[in-house]
Amino acid sequence: MPLPRFHRLPPERRREILETARSHFARDGPDNASYNAITAAAGLSKSAAYQYFDGRQDLLAAVLDGVRDRLTTALGPWRDAGTAEEFWAGLRAGSRRLVRHLAAHPDDLALADAAVTRAAGQEWTGWFATVLDNGRALGVVRDDVDRRLMLSATMAVMHTADRWALRRVTDPVGGFRADDADDTEQVWSLLAGLWGPRTAGRTAGGSERDG
């Protein structure tokens, strides 16, 4: 995390430094962005940079925590639904807010996967855990699968969806559009298939039960 001197900088200066770093990490990747290039672009000498951050990983952590906070804010808190219709409506509303944010902030999209998989990113997993618990109570999410397994599978879908969305953003032909209903619905369609209670009369492998 940033060192105490960083927090004593004016808010505008702190924001400028982190925005510069976010741009470099998004463009070059969290593993490849140059710390020296970032600090130079932010107008920091090497000695000044080490007064504010304990090295490159410290700066990256601050950037990713900021991305995570913005994604969580865009998604909004989950409010337990009372019916299946309210449940899916709540998911779609959250999805639209998040997609609009990502479409407007491609740097956040580029770093979203790294941000939400950080150890400090439990808010993201916690949000989906709350959704799953609400869905199970309503009978929308199957309860014949261990809760931890279902949560892990859900997060794997979201991890894949993030990478898919990033490729869509960088696609010069198709692109990722916040107003494209197909783009905003496909992920939830996948989750509906994952979460949906097993169809009566079929085994876990999908074959018909003997009558």
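Just so you know, all these numbers are worked out from the coordinates, no wet-lab data involved. No experiment lies behind these values; they were computed from the predicted model shown. Please note: Cβ atoms are built from the backbone with ideal geometry, for glycine as well, and neighbour counts cover all protein chains shown.
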- Item | By average C-beta atoms within 10 angstrom, highest first, the peptides 96-106, 58-68 | 58-68, 96-106
- Once you list every other residue whose beta carbon is under 12 Å from the beta carbon of M155, what net charge do they have if Lys and Arg are +1 and Asp and Glu are -1? -1
- Query: Tally Lys/Arg at +1 and Asp/Glu at -1 over every other residue whose Cβ is under 15 Å from the Cβ of G76; what's the total?
  - Reply: +3
- With the Cα gyration tensor of segment 26-102 giving a ≥ b ≥ c as the square roots of its eigenvalues, does the rule (a/c under 1.5 for rounded; else a/b larger than b/c for prolate; else oblate) give rounded, prolate or oblate? prolate
- When the gyration tensor of segment 4-64 is built from Cα positions, what are the square roots of 5 times its three eigenvalues, in whole Å, from largest to smallest? 17, 12, 11
- Task: Run the numbers on segment 4-64 and let me know its relative contact order in percent, using alpha-carbon pairs under 8 Å that are six or more apart.
- Result: 39
- Query: When the chain is fully extended, how far beyond the present Cα-Cα distance does R15 get from R96, taking 0.36 nm per residue of separation?
  - Reply: 26.5 nm
- Two-site label geometry, Q57 and N36: point separation in nm, points 7 Å out along Cα→Cβ: 2.1
- Fewest to most neighbouring Cβ within 10 Å: what's the order for R14, R8? R8, R14
- Task: Report the charge-dipole magnitude of segment 24-140 in Debye, nearest 20, computed about the Cα centre from +1 at each Lys and Arg Cβ and -1 at each Asp and Glu Cβ.
- Result: 240
- Around D133, what is the net charge, scoring Lys/Arg as +1 and Asp/Glu as -1 over all other residues with Cβ under 9 Å from its Cβ? +1
